[in-house]
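Peer 1: Once you've had a glance at the structure underneath, I'll fire off some questions.
Read-outs throughout are calculated quantities, based only on the coordinates presented, and are distinct from any laboratory measurement. Bear in mind that the values here come from a model prediction, so they are computed numbers and not experimental data. Please note: Cβ atoms are built from the backbone with ideal geometry, for glycine as well, and neighbour counts cover all protein chains shown.
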Amino acid sequence: MASVQKTLVFDNVAKHNKIDDCWIIISGKVYDVTPFMDDHPGGGEVMRKATGKDVTVDYGDVVHSEKANQMKQNYYIGEFDQTTFPEKRSQIYNLKKSL
Ligand code: HEM
């Protein structure tokens, strides 16, 4: 990992909300999962729906394995600036609603 960590703000992260350009926020870190869309065992669409939100809880609820947690390091692109997260509760991803 590079020694200088990039800090990313919500509006920048949320722009990447497409199947071919997909960034997600898990536990204060930002991941560019674009190269992983076709290979994700849960499918690409579930990750696209996880954009523009903090998906920490749902990522945990799915109970990803230790292997999955290690895989996600491959897609880490920077720290998320939590102070830029919108107040609105609707920004929080609800897996049950969107499946
Ligand atoms: C960098 C991010 C992610 C990685 C590396 C990842 C990786 C994986 C892996 C390896 C599995 C297979 C089971 C396991 O080994 O745990 C899996 C399953 C799954 N993932 Fe993810 N995942 C990521 C993000 C997400 C997100 C954001 C969601 C949605 C909230 C999600 C939803 C699921 C679901 C629903 C399954 C179960 C698929 C099934 O068994 O039918 N994943 N993921």
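Peer 1: Hey, any idea what Rg/Rh is for region 7-83, computing Rh the Kirkwood way over Cα pairs?
Peer 2: My calculation of the ratio gives 0.92.
Peer 1: How much net charge surrounds Thr51 when only the other residues with a Cβ under 10 Å from the Cβ of Thr51 are counted, with Lys and Arg +1 and Asp and Glu -1? Can you show the working numbers first?
Peer 2: Numbers: positive: Lys15, Lys18, Arg48, Lys49, Lys53; negative: Asp21.
Result for the neighbourhood of Thr51: +4.
Peer 1: Report the local net charge at His64: Lys and Arg +1, Asp and Glu -1, summed over other residues whose C-beta lies under 11 Å from its C-beta.
Peer 2: Working: positive: Lys67, Lys72; negative: Asp58, Asp61, Glu66.
Here the charged neighbours net out to -1.
Peer 1: How big is the charge dipole of region 1-64 about its Cα centre, in debye rounded to the nearest 20, if each Lys and Arg gets +1 on its Cβ and each Asp and Glu gets -1 on its Cβ? Walk me through the intermediate numbers first.
Peer 2: Values: 7 positive and 10 negative charges, 46 e Å.
With only Lys, Arg, Asp and Glu charged at Cβ, the dipole is about 220 debye.
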